[in-house]
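Reading through the structure tokens given below for one structure.
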Amino acid sequence: MKKKLPNIDRSYNITKEKIHYFWENGFVVLKNVLSRKEISIYREEIKKAAEERMKKQDKSFGGAFTQALNIRFDSKGVEKFCLSKRLGKIAADLTKVKAMRIFHEQALFKGPGDTKTFWHQDQYFWPLNTKLHIGMWMPLIDLTKDMGLMRFVVGSHKKGNLSGISITNESEQYYEDLIKKEKMKVYKLDSINAGDCTFHFNFTI
């Protein structure tokens, strides 16, 4: 029997401090955006839709992960997740606007032995004429430090477009050199649970 999809339109309260932190640092970590029950059900919806799309796909960006883009058009469950008022309002509150539009969504799956995801700026992949691009990342399972977690370069969004390089060995070295030269601080997640999420600006490294 198919599980009923939870309603995830209920608002999630973001404090003024969190919004200020986001604009100052270029990213923010939010806890318990979805409950354990909610994420466990939507995880199965996302996984099922993504696996269908990825059957004939190779790994992306030098073996970093396998991905499936815009699967909300293949699955009503994924569509409900992506278009939830809760997630949309968080994005709008963080960017201080009334409403947001989705450019794309993607499901990423890292397996044992996959390479690291190299430093990059997402703006390279978001060719839209606005400075209010933001990305959300939500893990579908609990993650610990030894599994390889998200890193952000604090305040790097304020520097704008730094190179326009895709996700490669060259981008990793380029940004590593830049971080050292500019003495920028790197924020590394120690752990994050399924249902937590991060948001970041388009130019955040």
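The table for this structure:
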{"quantity": "Of all residues making up segment 3-59, the number that are surrounded by fewer than 13 Cβ atoms within 10 Å (Cβ to Cβ), in contact (Cβ under 8 Å) with a residue 60 or more places away in the chain and touching a helix residue (DSSP H, G or I) at 6+ places or on another chain (Cβ under 7 Å)", "calculated": "2"}
{"quantity": "Selection status of Ser156, out of contact with any Asp or Glu (no Cβ under 9 Å at 6 or more places or on another chain) and surrounded by 12 or more Cβ atoms within 10 Å (Cβ to Cβ)", "calculated": "no"}
{"quantity": "Any hit, segment 126-141, residues being free of Cβ contacts under 8 Å to residues at least 60 places away in the same chain, under 29 Å from Tyr42 (Cα atoms) and open to solvent by less than 30 Å² (accessible area, probe 1.4 Å)", "calculated": "yes"}
{"quantity": "The lone exception for Pro6 - which of (1) within 21 Å of Gly195 (Cα to Cα); (2) modelled with pLDDT of 95 or more; (3) more than 17 Å from the chain's Cα centre (by Cα) it fails", "calculated": "(2)"}
{"quantity": "Candidate set: segment 63-100, residues that are in contact (Cβ under 8 Å) with a residue 40 or more places away in the chain and either assigned to a loop (DSSP other than H, G, I, E, B) or among the small types (Gly, Ala, Ser) (or both); chosen: the one farthest from Lys31 (Cα to Cα)", "calculated": "Gly63"}
{"quantity": "Residue ID - modelled with the lowest pLDDT, chosen from residues in segment 61-78 that are touching a strand residue (DSSP E or B) at 6+ places or on another chain (Cβ under 7 Å) and crowded, with 16+ Cβ neighbours inside 10 Å", "calculated": "Phe65"}
{"quantity": "Failed condition for Met184, given (1) over 22 Å from Lys89 (Cα atoms); (2) assigned to a strand (DSSP E or B); (3) not charged (D, E, K, R)", "calculated": "(2)"}
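The values are calculated or read from the model by the stated rules, or taken from the named source; none is laboratory data. Since the model is a prediction, treat every value here as computed from it, not as a measurement. Positions of Cβ are backbone-derived with ideal geometry, glycine not excepted, and every protein chain shown enters the neighbour counts. We work out accessible area using only protein heavy atoms, side chains counted, and drop any ligands, DNA or RNA first. Shrake-Rupley method; radii C 1.70, N 1.55, O 1.52, S 1.80 Å.
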